[in-house]
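Asker: Pasting in a structure now, in structure tokens, and then I'll have a few things to ask.
The values are calculated or read from the model by the stated rules, or taken from the named source; none is laboratory data. Quick caveat, the model's predicted, so the values are computed rather than measured. Here the Cβ positions follow ideal geometry from the backbone for every residue, glycine too, while neighbour counts run over all protein chains shown.
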Amino acid sequence: MEHKPKLVYITRKEHFNAAHRLYNPSWTDAENEAFFGKCANKNYHGHNFDLYVTLKGYADPNTGMVMDLKKLKTVIKTYVVDKLDHMNINQDVDFMKGQLASIENIVVAIWNQLEPHIENGQLHCIKLVETERNYVEYYGE
Ligand code: NI
């Protein structure tokens with residue numbers, strides 16, 4: 001029997017619906033439209049986002065777990081999903097204030113929201129799926 005601790009990765013999948021628009025306030029409306037196209041639509045547009053939060057770590061010998069996934073679910077809900085779900089990301093979300101609401105920026109902001117609340121193991125990856133064809137991953141660098 002091998003007693004060397006084993007590094008494992010655990011993932012919780014969550015979901016939220018939210019609206020955004022891609023808009024750089026230092027550009028003119030015409031420049032925004034030229035670069036971002038329909039994504040700059042002033043009346044916003046929505047996505048059904050899937051969020052994957054992955055931790056890496058060693059199972060605690062007392063629990064057999066890296067972090068209890070029920071606890072991780074609650075942390076994600078409190079600090080991320082409740083703040084984003086059915087919201088306008090440009091206007092309603094405190095942790096996105098002053099940032100361009102791209103999925104790249106959202107995924108980094110989600111990491112920053114969650115990291116202080118990870119009790120065992122380390123945050124490894126945040127993956128945010130915007131459409132069937134587009135997703136972004138962030139590994140904390
Ligand atoms: Ni979009």
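For (1) in a helix (DSSP H, G or I); (2) of a type outside the set (S, T, N, Q); (3) in contact with a helix residue (DSSP H, G or I) (Cβ under 9 Å, 6 or more places away or on another chain), each residue gets a yes or a no:
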site	(1), (2), (3)
Ala30	yes, yes, no
Glu33	yes, yes, yes
Thr74	yes, no, no
Ile110	yes, yes, yes
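Asker: Another one. Do you know which residues across the stretch 5-22 are closer than 19 Å to Lys97 by Cβ and either in contact with a Lys or Arg (Cβ under 8 Å, 6 or more places away or on another chain) or away from the ligand (no atom under 13 Å from the Cβ) (or both)?
Answerer: Phe16, Arg21
Asker: Sticking with this structure for a sec: Of the residues Asp68, Asp94, Asp85, which single one is surrounded by fewer than 14 Cβ atoms within 10 Å (Cβ to Cβ) and acidic (Asp, Glu)?
Answerer: Asp94
Asker: While we're here: I'd like to know if the stretch 35-54 contains one or more residues that are under 26 Å from Val81 (Cα atoms), within 14 Å of the ligand (Cβ to nearest atom), part of a helix (DSSP H, G or I) and touching a helix residue (DSSP H, G or I) at 6+ places or on another chain (Cβ under 8 Å).
Answerer: Yes, the stretch 35-54 has at least one match.
Asker: Could you identify the single residue in Leu22, Leu55, Leu51 that is under 27 Å from Tyr139 (Cα atoms), surrounded by 12 or more Cβ atoms within 10 Å (Cβ to Cβ), touching a Cys at 6+ places or on another chain (Cβ under 7 Å) and touching a residue at least 60 places away in the same chain (Cβ under 8 Å)?
Answerer: Leu22
Asker: To continue, here is another question. From the list Met67, Met96, which residue is under 22 Å from Gly140 (Cα atoms) and within 16 Å of the ligand (Cβ to nearest atom)?
Answerer: Step by step, each of Met67, Met96 is checked, and only Met96 is under 22 Å from Gly140 (Cα atoms) and within 16 Å of the ligand (Cβ to nearest atom).
Asker: Suppose we filter Leu128, Leu123 for residues that are out of contact with any Cys (no Cβ under 6 Å at 6 or more places or on another chain), at pLDDT 95 or above, within 16 Å of the ligand (Cβ to nearest atom) and part of a strand (DSSP E or B); which single one remains?
Answerer: Leu128 is the lone residue from the list that is out of contact with any Cys (no Cβ under 6 Å at 6 or more places or on another chain), at pLDDT 95 or above, within 16 Å of the ligand (Cβ to nearest atom) and part of a strand (DSSP E or B).
Asker: Give me a count of the residues in the stretch 55-70 that are out of contact with any helix residue (DSSP H, G or I) (no Cβ under 9 Å at 6 or more places or on another chain) and either in a strand (DSSP E or B) or at positive phi (or both).
Answerer: Going through the stretch 55-70 one residue at a time, the tally reaches 4.
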